[in-house]
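What follows is one structure encoded as structure tokens, with my remarks underneath.
The values are calculated or read from the model by the stated rules, or taken from the named source; none is laboratory data. Note that this is a predicted model, so its numbers are computed, not measured. Using ideal geometry, Cβ is built from the backbone for each residue, glycine included, and neighbour counts are taken over all protein chains shown.
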Amino acid sequence: MSVLIEQFKQSFKYTGRLSVSDYRIWSVWVVLIFILTYLAHVGVMYLFYKYADPSTTATIALYAFYTALFIIYLFLLCAIISTNVRRHHDIGRNGWFSVLCFLPYIGVGYWIYLLCARGTQGPNAYGPPV
């Protein structure tokens, strides 16, 4: 839990390094957040179509839910980009390699690579090891 809080505190920090162990813990939390928000989406849609009439109140509540979800995803996207950049710095690469994580099909394989790759030993161009 402390890794999650620490990474959210550093959501807009694009300098420094992030160790592979912290990146693994962070990735588990991010996947868990995406699963929980997806389940919330499915639950809301089920309740909306099963019980709600197409009234203005139900529609406004649905828009409010998706607006909140959109804001959560934007904040999470900034945190994901930041952690990917710092993870690339740990393995001695430029942060622009983070773009590969967002490519279809290639992104999942590259994410698995980032989960397994060891950081450079000792200081590199991006700072001392974490």
From the option list 38, 23, single residue qualifying as more than 28 Å from residue 125 (Cβ to Cβ), aromatic (Phe, Trp, Tyr) and part of a helix (DSSP H, G or I) is 38
Could you tell me whether region 95-109 includes any residue that is aromatic (Phe, Trp, Tyr), assigned to a loop (DSSP other than H, G, I, E, B), farther than 17 Å from residue 13 by Cα and free of Cβ contacts under 8 Å to residues at least 12 places away in the same chain? yes
Contact list, first residue from region 1-26 and at positive phi, second anywhere and surrounded by 17 or more Cβ atoms within 10 Å (Cβ to Cβ) and in a helix (DSSP H, G or I), beta-carbon distance below 7 Å, six or more apart or interchain, is 16/86; 16/89
Restricted to region 22-55 and to residues being farther than 19 Å from residue 70 by Cα and of a type in the set (Gly, Ala, Ser), the residue modelled with the highest pLDDT is 27
If we keep only residues of region 4-61 that are of a type in the set (Val, Ile, Thr) and more than 23 Å from residue 112 (Cβ to Cβ), then the residue surrounded by the fewest Cβ atoms within 10 Å (Cβ to Cβ) is 56
